[in-house]
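Beneath this line is the structure, given in structure tokens, with notes to follow.
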Amino acid sequence: MTHLINAAIDYGLFLLEAATIVIAVGLVIGWLLTAAAELRSRKQETLKITHVNEQLERKADKLAETLLNAKEKKARNKQKKSEAKQRQKAEKLGRKHEPNRLFVIDFKGDIRASPVDSLRESINALLQVAEVGDEVLLRLESGGGMVHSYGLAASQLARLRDAGMHLTVAVDQVAASGGYLMACVAERIVAAPFAIVGSIGVVAQLPNFNRFLKDKDIDFDVYTAGQHKRTVTVFGENTEAGRQKFVEELEDVHGLFKSFVADYRPSLDIESVATGEHWHGTQALDLNLIDEIGTSDDVMLAAARDQRNVYTIDSRERGSVWQRMTGEAARLLNRLGNGGGVAVDWRRPS
């Protein structure tokens with residue numbers, strides 16, 4: 001009898017463990033289904049706007065609190081109150097005056113010009129609220145990358161000029177190759193003394209494993225329709241005709257690059273600077289690649305001192321934690337999968 005009771009207890013415990021495992025598996029499946037549904041949902045768009053003038057004023061107040069004596073603090077506070085009263089009085093009389101605004105956008109480019117989507121959204125927002133006299137400052141940092149990606153980024157900036165908004169590009173560190181393709185769209189380019197500018201050229205490079213495959217008795221066949229569908233390949237045997245055609249294509253892209261820059265900076269001696277070389281800011285000024293020596297901070301502070309409102313705009317799509325994790329994994333797999341591909345890049349400084 002005791003054996004039967006023990007057996008029944010053991011069996012009951014077994015069923016309980018089995019049920020626990022089934023429930024756990026069900027919860028995991030449910031979580032995966034929920035996550036999959038969330039992935040299909042649209043990304044959350046966020047637009048962060050910061051009033052730079054307020055930030056500068058807070059910092060100035062903090063510094064004044066430390067440096068000024070009691071009499072100086074009193075005089076400063078009196079002046080600020082007087083200015084505030086004047087603004088309030090003007091508003092009551094319907095004479096509110098808001099000087100032309102300066103909108104600041106950041107673009108930190110990689111080889112794929114990944115921030116182009118954020119740039120597009122920021123420009124879309126700006127074009128809906130911009131008034132006559134408003135200006136845009138693009139803080140640009142990029143060493144270049146893929147032709148089509150940077151071409152799209154430059155086209156987004158051209159939308160601002162087409163809409164009548166004055167565009168200034170500030171280069172604090174580097175705007176080379178595709179980065180300079182973007183910068184040249186601006187009416188005014190400001191660069192720091194040691195910023196890298198230029199590199200108007202095109203480069204493509206790829207390994208070829210054909211001799212290695214032949215040594216291992218491995219055949220690699222490429223089938224195409226169209227004489228120039230494939231000019232060079234990573235694993236196949238490249239011909240001299242294919243190489244020549246590929247170089248011709250690079251020259252064509254270089255020609256488009258030069259024409260684009262020359263259209264926006266007609267006073268530039270394009271043939272003398274379109275050699276693939278890059279220069280530092282002070283040298284770039286002599287070559288007319290830029291218009292002024294300075295930093296993005298100089299531009300923003302100058303606008304604030306002129307009593308203009310300065311706003312930074314940060315537009316980005318932010319998904320859930322799960323979306324960001326899976327997105328990074330997908331990008332990693334994509335890079336691994338395309339490791340043998342060929343990308344034509346704007347020439348980047350070595």
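No value in this document is a laboratory result; all are computed from the given coordinates. Keep in mind it's a predicted model, so treat the numbers as computed, not measured. Glycine also receives a Cβ, built like all others from the backbone with ideal geometry; neighbour counts cover every protein chain displayed.
Counting other beta carbons within 10 Å of each residue's own, what order do Y150, Y264 fall into, fewest first?
Values: Y150 26, Y264 17.
If I rank by nearby Cβ atoms, fewest first, I get Y264, Y150.
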**Study point:** Of K62/K108; K48/K71; K48/K258; K108/K245; K48/K108, those spanning more than 28 Å from alpha-carbon to alpha-carbon
**Key:** K62/K108; K48/K71; K48/K258; K108/K245
Revision key, fill the gap. Phi angles of segment 252-264, converted by Karplus (6.51 cos²θ - 1.76 cosθ + 1.60, θ = phi - 60°) into ³J(HN,Hα) in whole Hz with x for Gly and Pro, give 4, 5, 4, x, 5, 4, 5, 5, 5, 5, 5, 5, 8
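Let's see if you can work this out: charge +1 on each Lys and Arg Cβ, -1 on each Asp and Glu Cβ, no other charges. What is the dipole magnitude of segment 148-246 about its Cα centre, in debye to the nearest 20? Numbers along the way, then the final one.
Values: 10 positive and 9 negative charges, 37 e Å.
In total the dipole reaches around 180 debye.
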Study note, to complete from the structure: Along segment 148-163, Karplus-curve 3J(HN,Hα) (6.51, -1.76, 1.60; θ = phi - 60°) to the nearest Hz, with x for Gly and Pro, reads 5, 5, 6, x, 5, 4, 5, 5, 5, 5, 4, 4, 5, 5, 4, 7
**Study point:** Interchain or long-range residues, amide H under 5 Å from E277's placed H
**Key:** S199, I200
Point to revise | Computed lengthening from K78 to F235, 0.36 nm per intervening residue step minus Cα-Cα distance | key: 48.9 nm
Practice item. Counting other beta carbons within 10 Å of each Cβ, put E187, E240 in order, fewest first. Key: E240, E187
Practice item. Take the Cα radius of gyration of segment 231-321 and divide it by 2.2 N^0.38 Å, with N its residue count; two decimals is plenty. Key: 1.76
Study note, to complete from the structure: Proxy exposure order for R139, R230 (fewest C-beta within 10 Å first) is R230, R139
Exercise for review: In Å and from the alpha-carbon atoms only, list the Rg and Dmax of segment 205-261.
Suggested key: 14.5, 49
Point to revise | Percentage of interatomic Cα-Cα distances in segment 150-306 larger than 21 Å | key: 56 percent
